[in-house]
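Below is one structure, written out as structure tokens; comments come after it.
Rule-based calculations on the coordinates, nothing more; no lab input. What you see is a predicted model; the values in this text were computed from it and never measured. Quick reminder, even Gly has a Cβ in these numbers, built from the backbone with ideal geometry, and neighbours come from all protein chains shown.
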Amino acid sequence: MKALWRCFASTSKKCQPRTDDAVTEAITEAAEPSDARLSDDDGGTRLAITLMTRKPHRFDWWLRYHKSLGVCHVFIHVEDTPELLELLDSDEFRGFVTVTSGEDASPDNYYTLQQRQEAQVRRSLKLCRVQRIPWLLHIDDDEILHLDVPFSAIAHHAPEGVSSLVFINLEAVPHRLGSHCAFEDITTFTLHKMLAYRNGKAAGRTSLARWQGPHRFSGESHIVSVEDACVLHFESCTYEVWRNKFLKHRHTDELATRDIPFAFYRDSISLFQSDPTGGPAEARWADFYLKRKVAHYRSLHTWQRRRLRLEPEPPQMIDAAERRERERAPPAAAPCADERRDARHDISL
């Protein structure tokens, strides 16, 4: 896939993740008005993804999947996971990702997370406008975009004036404590007895949409049929992922914990607060996970289960038609010197 971002540092130096301030400065230098308007014709139906990540499960697989699907770029803010930066700077993904990184020292991680997500989405929207990418999807590192029809068909058939597309989320159904790759091992999903959110995730039209929470963009939205596309949510689908996630939330105070709308989340946080070691080999923690997560879905009826097997390299379903047209078109003239200088305002690792 053609890289949309370039590293302009010396070839003798590795690309380093930008800090938030560096990215903001580069956006300003790009001299793109914050209220610029794009049409779909400017960028076809290209789609980028934005997310924050912390100790993700098989993020190499996640990136490879979405790259193969046709996602043109991924904006990533990495927290507390410096070991991930080497993967993101590898030959396979350099140019496909824009990376910022930082540490989160908040004692109330569950609630401050949305504030950091807002900053990430707003930053990514600006970068998309600079790079003329018309669509931006906000999902998490445990979520997979699944398309049964091309994204261009979904976008083009949305009602006029729609500024966001909402994808219904299905929850993955794990069947054991661990997995080498939950994205491949889990083949059952459901819309019933869900332990986490059930209000979908959205892709915003970058010329119109603004942040409106982790599940929506501003303006009029169109709910995509689950038969055409969906987001597959692999919420806490291994013991290790669940443990790392809720250990981070164990400092959430009691009143704030009560306000969390999901019983599984509340009880997981309470467990780590009341039982800080989990016993020998974390046996009590593992027992909680098996009973409250794995066994939870066993009462699902057959009609409540959707069978689906993901491939690590799915067929391209985003921007495929436009890409073929561009490949058939005659090569563009080489850029003049001024245009090459302007290119140095692009954002990269």
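What full-extension length gain, to one decimal in nm, is calculated for LEU247 and ALA295 as 0.36 nm per residue of separation minus the Cα-Cα distance? Could the numbers behind the result be given before it?
Working: separation 48, 0.36 × 48 = 17.28 nm, distance 2.14 nm.
Full-extension gain reported as 15.1 nm.
Are any of the pairs LYS201/LYS245; LYS126/LYS293; LYS193/LYS245; LYS126/LYS248; LYS245/LYS291 more than 27 Å apart by Cα-Cα distance, and if so, which? Provide the component values of the computation, followed by the final result.
On the way: LYS201/LYS245 20 Å; LYS126/LYS293 38 Å; LYS193/LYS245 21 Å; LYS126/LYS248 30 Å; LYS245/LYS291 18 Å.
Where the Cα-Cα span goes over 27 Å, the pairs concerned are LYS126/LYS293; LYS126/LYS248.
Report the full-extension gain for the segment PHE262 to LEU87: residue separation times 0.36 nm, less the Cα-Cα distance, to one decimal in nm. Show your work: numbers first, answer last.
Details: separation 175, 0.36 × 175 = 63.00 nm, distance 3.31 nm.
Difference between extended and current length: 59.7 nm.
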Rounded to the nearest 0.05, what FRET efficiency do GLU184 and LEU255 give with R0 = 41 Å and r taken as the Cβ-Cβ distance? Could you check? 0.50
What are the residues whose amide H is under 5 Å from the amide H of HIS73, where those residues sit 5 or more places off or on another chain and H is modelled from the backbone? ILE49
Roughly how many nanometres apart are two label points built 7 Å out from the Cα toward the Cβ at ARG198 and SER225? 2.2 nm
Where does each of 198-205, 255-262, 282-289 land if you order them by average Cβ count within 10 Å, highest first? 198-205, 282-289, 255-262
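If packing is taken as the average count of other Cβ atoms within 10 Å, what order do 66-74, 206-214 fall into, highest mean first? Before the final figure, lay out each step's value.
On the way: 66-74: 21.9, 206-214: 19.1.
For the peptides 66-74, 206-214, the packing ranking is 66-74, 206-214.
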Please compute the modelled spin-label separation between HIS175 and VAL162, points set 7 Å along Cα→Cβ, answer in nm with one decimal. 3.5 nm
If I model a spin label as a point 7 Å beyond the Cα along the Cα-Cβ vector, how far apart are those points for GLU118 and ARG307 in nm? 4.5 nm
What ranking do 140-147, 230-237 get when scored by the average of other Cβ atoms within 10 Å per residue, highest first? 230-237, 140-147
